[in-house]
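Encoded as structure tokens, the structure appears first; notes follow it.
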Amino acid sequence: MARQVPIRFVLMRGGTSKAVFLRESDLPAEPEARDRVILALFGSPDPRQIDGLGGADILTSKLAIIGPPTRGDADVDYTFAQVSVSEPHVSYAINCGNCSAAVGVFAIEEGFVRPDGDSVSVRIHNTNTHSVFVAEVPLEEGEPAVEGDLAIDGVPGTGAPILLDYAPTVGGATGSLLPSGSATDTLDVPGIGQITASIVDIGNLSVFFAAGALGLRGTELPAELVPETLRAFDAVKDAAARRIGLPEGSLVPVPVAVAPPAPYAALDGSPVAAANLSLVARVVGGRPPSPHKAYPGTVGVTTAVAALLPGTVVAAAAALPAAGEPIAIGHPSGVLPIWTRVRETAGGWEVEQAAYARTARRLAEGTAYVQRGAWAG
């Protein structure tokens with residue numbers, strides 16, 4: 001194997017996503033060399049990623065880089081990378097809430113965290129958002145539990161529930177829950193006109209707008225979102241970035257179209273009843289922009305918190321549940337429940353809880369090989 005460099009990897013499913021997990025020490029430290037190796041490892045750019053480990057889809061072309069903590073209030077550092085399928089680009093602009101569920105499991109299985117009792121709280125420093133969230137991982141005989149009763153729309157079968165609470169991540173990207181200072185903003189979107197939107201920063205920095213602003217119902221499945229519509233989502237994202245002083249062309253703020261509860265058929269054909277929903281929402285992301293088949297967990301957190309903030313576009317669309325019940329977000333694969341509490345204070349809004357449950361497990365581990373030319377440059 002003199003002409004190839006071996007890299008130990010673990011393939012894990014977290015929620016509705018799959019990701020390759022690598023130890024930070026197994027990648028080059030220099031950013032350009034690191035990205036070159038990652039692209040080679042995934043087989044990008046190539047629509048099929050035939051020469052690498054990528055899954056040829058936005059939900060399965062993901063990487064988690066794990067290392068020892070660089071903060072005293074964390075047990076592990078976690079860097080999420082979205083690897084473009086069709087472009088030579090690796091983005092570190094966002095976190096993945098589904099893959100985050102697998103980080104706690106990986107940290108225990110790889111010895112970063114010592115398990116004890118029936119569960120363990122793993123404090124995860126997400127370097128993308130410069131914030132720490134907590135994963136509560138159930139244990140069975142000292143190892144992360146796999147089997148359980150939790151069912152997730154978009155994932156076959158059931159598994160052991162992992163609770164992820166993102167309340168500590170407020171302002172991770174911008175320093176403020178409402179980075180523009182307002183619950184709503186009027187964005188000038190080229191080719192579309194003015195759109196009323198809400199920019200919210202917790203979990204993943206996101207921009208919300210009414211689905212009707214782009215002529216949508218909010219219940220569309222991915223195949224119904226034509227290229228022109230995907231470009232419109234991207235244009236809203238860039239307009240929101242300009243509004244809060246961020247560079248255009250990044251993956252954030254994540255653009256989300258929202259609408260009041262409405263019935264529709266999920267990707268698997270199963271009916272989703274309006275009575276079981278707080279709202280419907282559709283997410284577009286990646287480079288080039290692509291529709292999400294499920295709902296990113298971190299964007300779910302942001303959506304649920306926004307639903308509780310008076311005056312936001314999300315609050316206007318949402319039918320709020322009874323106290324103590326989760327906010328239920330209707331997405332293409334089904335329903336995502338988020339348990340959320342906010343409290344108004346003299347200084348603004350305090351998020352007391354922003355949590356959801358996922359399942360995760362190790363799928364495979366082994367050695368991948370990258371051509372030495374990619375490593376050496």
Some residue of segment 78-88 being within 20 Å of Ala364 (Cβ to Cβ) and either touching a Ser or Thr at 6+ places or on another chain (Cβ under 6 Å) or in a loop (DSSP other than H, G, I, E, B) (or both):
yes
Would you mind telling me which numbered condition in (1) small (Gly, Ala, Ser); (2) part of a loop (DSSP other than H, G, I, E, B); (3) touching a Lys or Arg at 6+ places or on another chain (Cβ under 6 Å) Ala19 fails?
(2)
How many residues does segment 240-259 hold that are surrounded by fewer than 24 Cβ atoms within 10 Å (Cβ to Cβ) and over 17 Å from the mean Cα position of the chain (by Cα)?
10
Top-ranked residue of segment 85-121 - restricted to ones that are buried (at least 24 other Cβ atoms within 10 Å of the Cβ) and farther than 17 Å from Leu22 by Cβ, ranked as farthest from the chain's Cα centre (by Cα)
Val85
Residues of segment 115-151 satisfying the condition of being more than 14 Å from Pro69 (Cα to Cα), part of a loop (DSSP other than H, G, I, E, B) and either out of contact with any Gly (no Cβ under 9 Å at 6 or more places or on another chain) or at pLDDT 95 or above (or both):
Gly117, Asp118, Glu141, Gly142, Ala145, Val146, Glu147, Gly148, Asp149
Could you grab me the full set of residues in segment 191-213 that are at pLDDT 95 or above, over 23 Å from the mean Cα position of the chain (by Cα) and not in a strand (DSSP E or B)?
Ile192, Gly212, Ala213
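Of the residues Ala107, Ala167, Ala101, which single one is over 26 Å from Ser250 (Cβ atoms) and aliphatic (A, V, I, L, M)?
Criteria check complete, one pass: Ala107.
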Starting from residues that are at pLDDT below 95 and of a type outside the set (S, T, N, Q), keep the ones in segment 296-318 and report whichever is surrounded by the most Cβ atoms within 10 Å (Cβ to Cβ).
Pro296
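Would you point out which residue out of Phe112, Phe133 is in contact (Cβ under 8 Å) with a residue 24 or more places away in the chain and over 20 Å from Tyr356 (Cβ atoms)? Before you say what the answer is, go through the steps one by one.
Numbers: Phe133 fails: over 20 Å from Tyr356 (Cβ atoms).
The match here is Phe112.
The values are calculated or read from the model by the stated rules, or taken from the named source; none is laboratory data. Fair warning: this is a prediction, and the values are worked out from it, not measured in the lab. As a convention, Cβ positions derive from the backbone with ideal geometry for all residues, glycine included, and neighbour counts pool all protein chains shown.
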